[in-house]
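For reference, the structure discussed in these notes is given below.
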Amino acid sequence: GQSLEQPSEVTAVEGAIVQINCTYQTSGFYGLSWYQQHDGGAPTFLSYNALDGLEETGRFSSFLSRSDSYGYLLLQELQMKDSASYFCAVTLPLRGSARQLTFGSGTQLTVLP
Amino acid sequence: EAGVAQSPRYKIIEKRQSVAFWCNPISGHATLYWYQQILGQGPKLLIQFQNNGVVDDSQLPKDRFSAERLKGVDSTLKIQPAKLEDSAVYLCASSLVLPSGSRADTQYFGPGTRLTVL
């Protein structure tokens, strides 16, 4: 089966940089995604890595190393509104063109003033 | 563009009762997913449809859970009878069908239905 490990909680101050790590035990996946979920809200897509390396989207960057079975989400210039849960997820192939996401347990980020 | 719609937003029932959730995906999205998210955990896939066919339901507790997607658009998820451990948020998501090897496969989630079983 697949398993993804993330820290359960991370705390940082406004304006700082924080890195949320994700280690996984799976193979044959298309890529690693990151989703953000505010309390009581829906998960929303942040970033996707199909290849090794860094993908940058504004203040958020995501990194993947398949050889190390490791990825991370980097949040820069933290803002209070970034306080949320962050989930890594692997995209797995199913039959035909179908794909499936398997999520980690999530990291609760708290941004302090 | 309208997002994924779900109803009801909240539901409280007693154990052994039945409950149904409804989902309307984003127009044109062929793939629809139902997830169960227990407090403090990540979403867990229950069932995945492509158009009106089931692609994967390996994690659906079929003795009590059922789902259908008639006409390949709206979907309903039913629990009968409910147990205490079914208390969770039930999320519906949808996505486009992409060619194999495409870059991204973004899923768009609805607001969820928070189910409390007493």
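Quick note: the coordinates plus some simple rules give every number you see, no bench work behind them. Given the structure is predicted, the values throughout are model-derived calculations rather than measurements. Cβ atoms come from the backbone with ideal geometry, glycine included; neighbour counts cover every protein chain shown.
Treating r as the C-beta distance of B:L96 and A:L74 and R0 as 25 Å, the FRET efficiency rounds to 0.35.
Going by C-beta contacts inside 10 Å, put A:D39, B:D57 in order with the fewest on the left.
With the sparsest Cβ surroundings first, the list reads A:D39, B:D57.
Listed values for region B:11-21 are Karplus-derived 3J(HN,Hα) couplings in whole Hz (6.51 cos²θ - 1.76 cosθ + 1.60, θ = phi - 60°), namely 8, 10, 9, 9, 4, 6, 7, 10, 8, 9, 10, and x replaces Gly and Pro.
What does a probe at B:Q41 reach in region A:88-113, counting residues whose amide N is under 19 Å from the point 7 Å along Cα→Cβ? Output list for this probe position: A:88-90, A:101-108. Only beta bridges with both residues in the protein assembly as shown are counted; by DSSP, about 90 percent of them are antiparallel. How much of the pair distance distribution for chain A lies past 25 Å, counting alpha-carbon pairs only, in percent? For chain A, the fraction of Cα-Cα distances above 25 Å is 18 percent.
Using +1 on the beta carbon of Lys and Arg, -1 on that of Asp and Glu, and nothing else charged, what's the dipole of region B:1-111 about the Cα centre, debye to 20?
In debye, rounded to 20, region B:1-111 gives about 240.
Gain on full extension, evaluated as 0.36 nm per residue between A:T44 and A:T110 minus their Cα-Cα distance, stands at 22.0 nm. Placing unit charges on each Cβ (+1 for Lys and Arg, -1 for Asp and Glu) gives the protein assembly as shown a dipole about its Cα centre, and among A:V111, A:A98, B:G42 the Cα reaching farthest toward its positive end belongs to A:A98. The GluC sites (Glu not before Pro) of region A:1-53 that meet both conditions, a loop assignment by DSSP and at most 16 other Cβ atoms within 10 Å of the site Cβ, are A:E14. List the pairs from B:K44/B:K83; A:K81/B:K11; B:K11/B:K62; A:K81/B:K44 whose alpha-carbon separation is above 19 Å, in the order I gave them. Check vs 19 Å cut-off fails for A:K81/B:K11; B:K11/B:K62; A:K81/B:K44. For B:D56, nonlocal amide neighbours, meaning residues 5 or more places apart or on other chains whose placed amide H falls under 5 Å from its own, are B:Q48.
Length gained on full extension, B:H29 to B:K83, computed as 0.36 nm times the residue gap minus the Cα-Cα distance: 16.3 nm. Rg/Rh for region B:37-118 stands at 0.98; both radii use Cα atoms, and Rh follows the Kirkwood definition. Stretching B:L118 away from B:R16 to a fully extended chain increases their span by 35.8 nm, per 0.36 nm per residue minus the current alpha-carbon distance.
Label zone (A:D52, point 7 Å along Cα-to-C-beta; backbone nitrogen cut-off 19 Å) within region A:59-97: A:62-73, A:91.
Normalised by the number of residues in chain B, the average gap of Cα pairs under 8 Å and 6 or more apart makes the relative contact order 36 percent. Taking the Cα centre of the protein assembly as shown as reference, the dipole from Cβ charges on Lys and Arg (+1) and Asp and Glu (-1) amounts to some 860 debye.
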